[in-house]
Structure formats: C-alpha cells, structure tokens
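To start, the structure itself, in structure tokens.
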Amino acid sequence: MLSSGVTCPLSPSILPMRLTIIVAVALASTMLVSTALATSSSSSSKPPIDSACVITALDKRDDAIIAAFDLYAASERTALVARMNALKSDWGITDATQRKAAIKDAWKTYRDSIKSANSTFRIARKEAWKQFKADAKVCKVSLPVEESNGQSADSLL
C-alpha cells in the first residue's frame with residue numbers, strides 16, 4: 001500500500017512473476033530473430049567469385065579497346081597528314097577555280113577518312129564490350145551496375 005492509501009498493481013508478490021514473463025518473452029524473441037537471420041543468410045549466400053576469370057575477361061576487353069584506339073589514332077594522324085599535304089599542294093594551284101575544287105576535295109577526303117576511322121573504332125569498342133559480357137557470363141558473374149556503366153564512359157573516347 002502506498003502512503004496515499006492506494007494499492008500498487010505491482011505488489012511485491014506479482015512483480016517477480018511479471019519480470020520472469022518479460023524476460024522469457026524477450027529471450028524467445030531473440031532466439032526466433034537470430035534463427036531467422038541465420039536461415040536467410042545461409043540460403044542467400046552466393047558461391048565465391050572466380051576473380052581470375054573476370055580479370056581475364058577485363059584484360060581481353062581493355063586490350064581490344066586499346067588496340068582499336070591505337071588504330072583509330074594512327075588513322076586520324078594519317079588523315080591529318082594527308083590533309084595537310086593536299087592543302088599545301090592545293091594552295092599552290094594558280095587557277096582559282098581549280099584551287100577551290102582541289103581544296104574542297106581535300107577537305108571531303110579528310111572528312112571521309114575521319115568518319116571511317118570513327119566508325120571502325122566505334123564498332124570495335126562495341127564488339128569488345130559485347131565479348132566482355134559474354135565472357136563474364138562464362139565466369140558465372142553478374143556484373144555490377146558500375147561495370148556496365150563503364151561502357152557509357154568508353155563511348156566518350
């Protein structure tokens with residue numbers, strides 16, 4: 001009984017029993033949660049990644065892109081040198097009509113060479129990525145989004 005004359009619902013005889021029930025419920029809940037987590041983590045665990053396989057696929061992709069880029073850069077250089085030499089020669093033509101036609105032709109040849117180099121590089125780059133994705137499947141790896149987004153970055157080359 002309290003000093004005000006009111007009886008406390010948690011009398012000394014009931015308090016230990018309620019405390020025991022609360023502790024028992026808390027322990028049971030903890031055991032159920034830990035069992036559920038153990039079951040879900042063991043069922044969703046993935047087999048180890050074959051890193052060597054993925055690294056081989058990465059090397060193959062990037063080596064192909066680098067080789068294509070080297071070819072592209074050489075083609076661009078060749079086109080620039082050809083344009084420079086053609087324009088030097090064209091500006092030596094004394095007849096204005098012939099000079100204008102020759103300069104126009106030099107620029108058209110240059111543009112066509114650049115378009116061809118760009119197209120060849122773009123096709124090679126896309127093929128390297130296509131092969132990489134096929135190789136990654138053989139490795140039984142699901143590529144993360146970051147790796148797939150790399151194709152967009154390569155398109156800026």
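Laid out as a table, the results:
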| read-out | value |
| --- | --- |
| Student exercise, the stretch 51-154 dipole from Lys, Arg, Asp, Glu Cβ charges, in Debye to nearest 20 | 400 debye |
| Extended-chain gain in nm, criterion 0.36 nm per residue less alpha-carbon gap, Asp62 and Lys130 | 23.3 nm |
| Residue exposure sequence - Arg125, Arg77, Arg61 - by fewest surrounding Cβ within 10 Å | Arg77, Arg125, Arg61 |
| The stretch 125-145 and the stretch 46-113: distance between their alpha carbon centers, rounded to Å | 27 Å |
| Whole-Hz ³J(HN,Hα) from phi, Karplus 6.51 cos²θ - 1.76 cosθ + 1.60, for the stretch 142-157, glycine and proline x | 8, 5, x, 4, 4, 5, 5, 5, x, 5, 5, 5, 5, 5, 7, 5 |
| Dipole of the stretch 51-154, positive end: most advanced residue of Trp107, Val81, Ala117 [Cβ charges, Cα centre] | Trp107 |
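Every read-out reported here was derived from the displayed coordinates using simple, explicitly stated rules and does not represent laboratory data. Remember, predicted model here, so these are calculated numbers, not experimental data. Positions of Cβ are generated from backbone atoms using ideal geometry, with glycine treated the same way; all protein chains shown enter the neighbour counts.
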